[in-house]
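Peer 1: This is the structure I want to talk about, given as structure tokens.
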Amino acid sequence: MNGTEQQTERKTISFVLLFFVLTAACITFAALCFFQTESEIFVKHATLFTVLACVFLCALCALSIVFLIKKKETLAKTMISVYVFLLFCLLVWFILLKTGFFEIIRDAGSLQSYIESAGVWMPLFYILLQYLQVVVLPIPSLVSTVAGVALFGPFYTALYSLLGIMLGSLTAFLIGRKLGNKAVAWMVGEDSLQKWQKKLKGKDNFILTLMFLLPLFPDDILCFISGLSSMSFLYFIIMVFLCRVLAIATTCYSINFIPFDTWWGLCIWGALFIAVITAFILIYKNLDKIQAAFAKRFKKKK
């Protein structure tokens, strides 16, 4: 066995050990989370969920080892990224359970009481909460907005939310740009990443901007995805600022005018939701024509 083969064998063994460690860690934290979650379905079926998690993670481990044996390095590295993401989510879930944060964010009233406990620091605390909401905390934006409007009124809630969410959006973009690109390049190769980025250049800006404008899509996740795109930092700042201002102001002021606890309010929200879906489908189907029209309209005259 020559030196290259020995190095390959050692690398394979290291990957296999890593998969075993990651599988064991995910199973451990999954069990801890399932047995400590106070939700009724988890209380009744915690053992069942733990067994299913074990089966799923063991199958994931076996599949990862198959990729290694078949020398599909890109897929094997992708599986490592999947494991790391799962472990991160489980760790965040476990921390939130231990701190009792899920009880706080279950409704707007609980969150409002929690923010009020900060006293004179309420505005700064709310800004921090909105920042963390984008980067890591699974807080529904509607819950935090309703709590904010009750505490500060629509204008100051919009202002504080914009500060926190903009800072969080920029952080998410930079994480996607710095860490995301390195992770994808590590999995598929630097040349492959650059090739696909060149193919998508021009289209990704338009599509992502459209997705930010429409409330149907998860804006927080899109910030990370934007970091992976060919979008420039300056374009992202301007685009996300305009989109966030529109979305935040609309949400803060519409809560007072379109309630969720009346039949006509629910009808209006339902109609708006359907309109958003319809608009996206129409725009997506005619994307090439729209891009051509924009290019023709804004093309500089020589």
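The values are calculated or read from the model by the stated rules, or taken from the named source; none is laboratory data. The structure presented is a predicted model; accordingly, all values stated were derived computationally and were not measured. Cβ coordinates were reconstructed from backbone atoms using ideal geometry, including for glycine residues, and neighbour counts include every protein chain displayed. Calculation scope for accessible area: heavy atoms of the full protein, side chains included, ligands and nucleic acids excluded. Shrake-Rupley method; radii C 1.70, N 1.55, O 1.52, S 1.80 Å.
Peer 1: Nearest 0.05, what FRET efficiency do Ala271 and Phe206 give at R0 = 25 Å with Cβ-Cβ as r?
Peer 2: The pair Ala271/Phe206 has a calculated efficiency of 0.40.
Peer 1: So how far apart, in nm, are the two label points at Leu52 and Ser81 if each is 7 Å from Cα heading toward Cβ?
Peer 2: 2.7
Peer 1: While we're looking at this one, here's another question. Of the heavy-atom accessible surface of the range 1-87 (probe 1.4 angstrom), what whole percent is carbon and sulfur?
Peer 2: Its accessible area is 71 percent carbon and sulfur atoms.
Peer 1: List the pairs from Lys11/Lys72; Lys11/Lys71; Lys70/Lys178; Lys98/Lys178; Lys182/Lys285 whose alpha-carbon separation is above 21 Å, in the order I gave them.
Peer 2: Exceeds cut-off: Lys70/Lys178; Lys98/Lys178; Lys182/Lys285.
Peer 1: What is the gain in length, in nm to one decimal, between Asn286 and Ala150 on full extension, counting 0.36 nm per residue of separation less the C-alpha to C-alpha distance?
Peer 2: Gain on extension, Asn286 to Ala150, equals 44.8 nm.
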